[in-house]
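Asks: Have a look at the structure that comes next, please.
Coordinate-derived values only; no laboratory data. Only a predicted model underlies this, so the values are computations on that prediction, with no experimental measurement involved. Neighbour counts run over all protein chains shown; Cβ positions are idealised from the backbone, glycine included.
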Amino acid sequence: MQSKLRLTLALALVCGLLLSSAALAQEKLLCVSNKELKGQETVASCLAKGERFAVVDRYGIVHVLTPEEVDLTRAFNPKVFEQRAYGMPYIRLAPPLPPFAVPQEAQ
């Protein structure tokens, strides 16, 4: 009886750790020029106002997007710009980047 309970608790703990590490392992797009953003606007509306964004990877490495990278990203994954914008202090609230959609011509 106790061994089943211990096994169940151990499995629940392992599943919880795997799920939490997977959630933290995703890349996020964060605004670096307006740190107070907390989802009030979309990424596209912020970019239209001249805000700058960066991609933060699972290791905490930050890559600031140049205007050329923003244009290329828009061509390959326009859903990125539909999501809500968050500043750096709100990284935990920011959604992960949406998956890359392969164009029909490439399939």
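Asks: Scan the range 49-70 residue by residue and report those that are over 17 Å from GLN83 (Cβ atoms) and exposed (fewer than 11 other Cβ atoms within 10 Å of the Cβ).
Replies: GLY50, TYR59, GLY60, ILE61, THR66, PRO67, GLU68
Asks: Identify, please: which residue in the range 69-93 is assigned to a helix (DSSP H, G or I) and among the aromatic types (Phe, Trp, Tyr) and is, among those, farthest from GLU27 (Cα to Cα)?
Replies: PHE76
Asks: May I pose another question? Filter the range 78-95 down to the residues that are surrounded by 15 or more Cβ atoms within 10 Å (Cβ to Cβ) and either without any contact (Cβ under 8 Å) to a residue 24 or more places away in the chain or over 18 Å from GLU36 (Cβ atoms) (or both) and list them by number.
Replies: Of everything in the range 78-95, those that are surrounded by 15 or more Cβ atoms within 10 Å (Cβ to Cβ) and either without any contact (Cβ under 8 Å) to a residue 24 or more places away in the chain or over 18 Å from GLU36 (Cβ atoms) (or both) turn out to be VAL80, PHE81.
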